[in-house]
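So the structure is just underneath, and the comments pick up after that.
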């Protein structure tokens, strides 16, 4: 089922079919610990498979495997960047983060291995026919805060900060499992290295509408940039619509750079003044005016929503209602036990693939994976301490502003004036270079996910 509203395409992905991929069902050499069962997505970095990790005494477990395109690995710099950032990503072990568990090399190809669970993206929950309760939205965002905080504060084996920044926080990259836990995914893999020219103007990674103004204008991403992006996600979840969405990609970039945020209470008067104050602080145009850390963001959000956050069983109930009964993973594994691949004609009901609707009919998107490791009974403790964070100042309510697309970005800061020419150049360069870099209109660059959308109905 597919419907189109404006420039956005809504796709029902409750039924997922394997993608027509020339490498589907190709058995890896016996030296590999992994077996590829089914190609479930293709993206700018490679193809994603439902696979099996094999061990001694017949041990097997399902995994998600990203198989990097061989032509990318021919460039030593790209190869080194992938390995380096995969190593960094593996250092983050947190129940609200999808980590990389293993890197395998087979015949010159790299396999990036992640855990696998049933679940789906926040983008699907927000666009489902059933309204997402406020408490469930808040639980998901708080989990995302905890996961991003773990990424930002990750250290190496010697205890030195890794300085990781996600750079691509969006509803597609927040996964919610059938266990009710939300997880951050798709970080640490060098998507920027996809650009063969690797120029400063095209090294940005992210999605239109979620990139912080300073990232757009100066190509500098920090933890404050991730805070801004998650602020956009929170605003959209509460308002039920896109925050920065123009009539074209250029308009969307311009609106994002301007960072003019309409009143949430104008969208929904039931939203508290305290909650709106938290959202506005996260979305401050200047990084210095945002929360000092992701943990600070989560702490203040939790304080402003006491009594509103859904308990884990309520989140589980809603997620299961949306994604519905499906063929269990054990059944999927059992049906593949004596085969190398799945017929392209076979439809498998599970949630291996979920993604945000494309920004336009036929637009490409990337399929995020879901991850295992937290059972429905696992209690996740968020590492937020109220005493560590200063209170958010709540300003008196003001009349809702008139929302309109500005003819040009307002001159509210020296950053915007200085960066205007760079921004215009970036718009031109990024529009021409979408097929090469991880920057994309609303969704990650991927020809494969468009195919996945067609096959997933």
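Evaluating residue 228 against the criteria (1) part of a loop (DSSP other than H, G, I, E, B); (2) surrounded by 17 or more Cβ atoms within 10 Å (Cβ to Cβ) leaves one unmet condition, (1).
For the range 197-212, a residue qualifies if it is surrounded by 24 or more Cβ atoms within 10 Å (Cβ to Cβ) and at pLDDT 85 or above, and the qualifying residues are 210, 211, 212.
Of all the listed residues (149, 170), the sole one being within 19 Å of residue 228 (Cα to Cα), buried (at least 21 other Cβ atoms within 10 Å of the Cβ) and out of contact with any strand residue (DSSP E or B) (no Cβ under 8 Å at 6 or more places or on another chain) is 149. For residues in the range 258-283 being touching a helix residue (DSSP H, G or I) at 6+ places or on another chain (Cβ under 9 Å) and free of Cβ contacts under 8 Å to residues at least 24 places away in the same chain, which is nearest to residue 138 (Cα to Cα)? So the residue we want is 276.
Take the conditions surrounded by 14 or more Cβ atoms within 10 Å (Cβ to Cβ), at pLDDT 85 or above and either farther than 27 Å from residue 128 by Cα or under 24 Å from the mean Cα position of the chain (by Cα) (or both) and apply them to residue 51. Does it pass? The answer is yes for residue 51. Among the residues of the range 236-251, those identified as within 16 Å of the chain's Cα centre (by Cα) and under 20 Å from residue 291 (Cα atoms) are 236, 237.
Of all residues in the range 55-78, which are closer than 13 Å to residue 104 by Cα and either touching a helix residue (DSSP H, G or I) at 6+ places or on another chain (Cβ under 9 Å) or surrounded by fewer than 19 Cβ atoms within 10 Å (Cβ to Cβ) (or both)? Answer for the range 55-78, where residues must be closer than 13 Å to residue 104 by Cα and either touching a helix residue (DSSP H, G or I) at 6+ places or on another chain (Cβ under 9 Å) or surrounded by fewer than 19 Cβ atoms within 10 Å (Cβ to Cβ) (or both): just 68. Scanning the range 154-178 for residues that are in contact with a helix residue (DSSP H, G or I) (Cβ under 7 Å, 6 or more places away or on another chain) and in a helix (DSSP H, G or I) yields a total of 2.
Of the residues contained in the range 240-254, one or more are found to be surrounded by fewer than 19 Cβ atoms within 10 Å (Cβ to Cβ) and in a helix (DSSP H, G or I). Note on the range 56-153: enclosed strands (runs of 3 or more DSSP E) holding 3 or more residues that are over 21 Å from residue 311 (Cα atoms) and at pLDDT 85 or above are 60-68, 102-106, 109-115.
The values are calculated or read from the model by the stated rules, or taken from the named source; none is laboratory data. Since this is a predicted model, take the numbers as computed values, not measurements. All Cβ positions, even for glycine, are placed from backbone atoms using ideal geometry, and neighbour counts span all protein chains on display.
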